[in-house]
Amino acid sequence: MPDMVTVEVPVKVKNVTVNSIKDVDAKYKTSVPKQIKPQLEKGLAKIKVQIPKGKTLGSYAVDVSVAIKRTDKGVYVKVDTVPTENNKILATTASGDATVQLDKGADPDDGDVSGAAQAAAKGAIESAITVFKTKAKE
């Protein structure tokens with residue numbers, strides 16, 4: 001195994017868009033991206049990866065798409081990230097999802113959607129970091 005060195009690299013968060021919204025208020029199409037983008041930027045600001053000595057990394061980035069829907073269990077949010085290096089896709093998707101439980105027939109409020117979105121974003125951040133760490137070692 002080659003000598004490895006640990007480096008800290010920033011990951012740029014490109015676009016955060018809601019590509020699917022179902023049975024919830026349309027206002028979340030604009031509010032959720034504004035809410036989770038700072039969380040994604042903070043979580044991916046500086047990640048530590050191990051690389052073979054002498055390897056140079058390209059620029060890391062993620063494109064983010066969000067799906068929000070009302071299910072029979074509550075409000076469900078899925079955050080998909082597409083990790084890239086120099087605009088080359090490293091993995092088709094690294095995602096996180098979460099459901100905030102609601103009573104049947106209850107409309108989700110801002111707190112419900114926000115809670116699910118933040119939990120899903122946290123999972124997506126961890127998943128994207130795993131992809132970057134794995135690819136960096138190659």
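Here, each number is a calculation from the coordinates, and none is a lab measurement. A quick note: this is a predicted structure, and the numbers were derived from the prediction, not measured. As a convention, Cβ positions derive from the backbone with ideal geometry for all residues, glycine included, and neighbour counts pool all protein chains shown.
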### Task
Return the aspartates and glutamates within reach of Lys34: Cα separation strictly under 15 angstrom, same-chain partners fewer than 8 residues apart disregarded; answer none if there are no such residues.
Asp63, Asp110
### Summary
In a Gaussian network model of the chain with springs linking alpha carbons closer than 10 Å, the residue among Gly123, Gly74, Gly105 that fluctuates most is Gly105
### Query
Which entry in (i) 2, 11, 21, 20, 15, 11, 8, 6, 4, 2, 1, 0; (ii) 2, 10, 17, 19, 19, 15, 9, 5, 3, 1, 0; (iii) 2, 9, 14, 13, 11, 8, 7, 7, 6, 6, 5, 4, 3, 2, 2, 1, 1, 0, 0, 0 is this structure's computed P(r) over Cα pairs in 5 Å bins from 0, in percent?
(i)
### Task
Once you've got the Cα coordinates, tell me which of Lys27/Lys88; Lys42/Lys73; Lys12/Lys48; Lys37/Lys88; Lys53/Lys122; Lys55/Lys135 are over 23 Å apart.
Lys27/Lys88; Lys42/Lys73; Lys53/Lys122
### Task
Please identify every one of the trypsin sites (Lys or Arg not before Pro) in the range 59-138 that sits in a loop by DSSP and has no more than 16 other beta carbons within 10 Å of its own beta carbon.
Lys73, Lys104
#### Entry: Relative contact order for the range 1-120, counting Cα pairs under 8 Å that sit 6 or more residues apart, in percent
27
### Query
By how many degrees, 0 to 90 and rounded to 10, does the Cα axis of helix 110-137 deviate from the longest principal axis of the chain?
20
### Task
Determine the percent antiparallel among the DSSP beta bridges restricted to the chain, to the nearest 5.
75
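Which FRET efficiency, nearest 0.05, do Asp103 and Lys14 yield, Cβ-Cβ r, R0 35 Å?
0.40
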### Summary
Given 20 °C, 1.002 mPa s and a Kirkwood radius over Cα pairs, the Stokes-Einstein diffusion coefficient of the range 5-82 in µm²/s is 151
## Note on the structure
Helix 28-44 sits off the longest principal axis of the Cα atoms of the chain, rounded to the nearest 10 on a 0 to 90 degree scale, by 30
### Computed label-point distance, nm, for sites Asn86 and Leu57 using a 7 Å Cα→Cβ extension
1.5
#### Entry: Calculated from backbone phi, Karplus (6.51, -1.76, 1.60) coupling profile of the range 13-19 in Hz, x at Gly/Pro
9, 7, 8, 10, 10, 8, 9
#### Entry: Computed FRET value (nearest 0.05) for Glu41 with Asp110, which takes r as the C-beta separation and R₀ as 22 Å
0.55
